[in-house]
């Protein structure tokens, strides 16, 4: 069966596509991660965002260990079909450091400065093992 | 000379890093493109966004042919150092189709629908050759 969304998605040579997660109501860009076809299919089927972890080479159900899940509000595709924009509702924080967004470092006077503090400790998120 | 920003940037195996362009004041995500070290250096030096075109394998000074330039307002780096978020001021439209954002297709009832119309024709942007 042809799928009118998947038909337009162009995965790269590794079978992956970059996906930007943006908080749907505030517009905050939370993170960039990757999806393979299976992660994208699961995300569309369940409404909970699932990525593909390139380091672990496995599906990465966002929030599975931390509880900080992302609910999909809308899936968007760019003009070339090779990037996804996920409008999400992020529970808690997106970043494994405990910050709301992974983009918490900004260049100021040619230095990188942290512009956001953790809202929760990584130990609380992942346990203190 | 060590550069405190570049020291934290992790380019991929092809020497590239994905860069999200976001309109700085509205929060609209405009596009995702790629930078190599040279494109990133030029962007930081000039304040005008320069990408690396993977299809043309050359620097891509955004707006050079269309006039739709991106002025860099702030450069941000994610926690892993492998994605950039560019807060920009976009002149006109970001997309080569004449739309403000490249992410103009959204999934609705398992179909892709266009949620934004062109503001300017590609012929006007690039000439009617």
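The values are calculated or read from the model by the stated rules, or taken from the named source; none is laboratory data. Values in this document were obtained by computation on a predicted structure and should not be read as measured data. Here the Cβ is made from the backbone with ideal geometry for all residues, glycine too, and neighbour counts use every protein chain on show.
Somewhere in the stretch A:91-109, is a residue more than 7 Å from every other protein chain (Cβ to nearest Cβ), out of contact with any strand residue (DSSP E or B) (no Cβ under 9 Å at 6 or more places or on another chain) and closer than 22 Å to residue B:22 by Cα? Yes, the stretch A:91-109 contains at least one residue that is more than 7 Å from every other protein chain (Cβ to nearest Cβ), out of contact with any strand residue (DSSP E or B) (no Cβ under 9 Å at 6 or more places or on another chain) and closer than 22 Å to residue B:22 by Cα. Residue pairs whose Cβ atoms lie under 8 Å apart, separated by 6 or more positions or on different chains, with the first residue in the stretch B:1-19 and closer than 22 Å to residue A:114 by Cα and the second at pLDDT below 95 and outside any strand (DSSP E or B), are B:3/A:110; B:4/A:110; B:5/A:110.
Just one of (1) within 11 Å of another protein chain (Cβ to nearest Cβ); (2) part of a strand (DSSP E or B); (3) surrounded by 17 or more Cβ atoms within 10 Å (Cβ to Cβ) trips up residue A:113, so point out which. Single failed check for residue A:113: (3). Looking at B:95, B:79, B:50, just one residue is surrounded by 20 or more Cβ atoms within 10 Å (Cβ to Cβ), free of Cβ contacts under 8 Å to residues at least 40 places away in the same chain and within 25 Å of residue A:101 (Cβ to Cβ), and that residue is B:50.
Of everything in the stretch B:1-16 that is facing chain A (nearest Cβ under 10 Å) and touching a strand residue (DSSP E or B) at 6+ places or on another chain (Cβ under 7 Å), the residue that is surrounded by the fewest Cβ atoms within 10 Å (Cβ to Cβ) is B:4.
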